[in-house]
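Below is one structure, written out as structure tokens, with a few remarks after it.
Read-outs: derived from the displayed coordinates by stated rules, not from any lab. Not measured: the values here are computed from a predicted model. When we count neighbours, we look across all protein chains shown, and the Cβ atoms used for this are built from the backbone with ideal geometry, even at glycine.
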């Protein structure tokens, strides 16, 4: 039975997000929906020099409110600006050249999803998780479909026997509806590990403690 997980791509999310990768056979980057401007797709919070959480944000080309995630572009200077912004966070300061060995940088003008996919893969490589990714925008899903119906369409297209979702999605999906489509609906249990961005944790903790949270 093929287990499929579907989530928006996030910028160095917390360890709980990667539990989906560790338990799925295929992970779908849900990039065919509207870009959430106040969400976590292009930004995260790390501990600043004052001990308070501060935003680390990828600089994006201005786009219309209804622009899909797949169509968002990095500014031409986005990587240069990111490299400078990283210096604001003490956990990252001591990593030096090693940081950029596994924090991939792309040429400016690339799409946001290009960058996020490369970053997610870099984390998976370090955690030893093998789970292929596919973008929902590559699946030719009917754009008129919304919510649960769009998720079901993606799952069917990929031959899923099981759809695995984060615990916060329990109110969004109906198990009986999935069952009628021949797909089992399952949810992760609530995460109990650290909530910090993986970017910060990878620079300040040993890998085994992070892997334990992901498992």
Got a sec? How would 133, 1 order by Cβ neighbour count within 10 Å, fewest to most? 1, 133
In nanometres, the difference between 0.36 nm per residue of separation and the alpha-carbon distance of residue 45 and residue 110 is 21.1 nm
Helix 112-127: inclination vs the chain longest Cα principal axis, degrees, rounded to 10, gives 80
Counted neighbours (other Cβ, 10 Å), sorted fewest up, put 61, 113 in the order 61, 113
Using Cα atoms only, what is the angle between the long axis of helix 147-157 and the major principal axis of the chain, expressed in degrees (0 to 90) to the nearest 10? 80
If you build the convex hull over the alpha carbons only and average its shadow over all orientations, what do you get for segment 3-214? Give it in nm² to one decimal. 11.9
Descending packing, highest mean Cβ count within 10 Å first, for 166-179, 70-83 is 70-83, 166-179
For the chain, what's the relative contact order in percent, using C-alpha pairs closer than 8 Å and at least 6 residues apart? 31
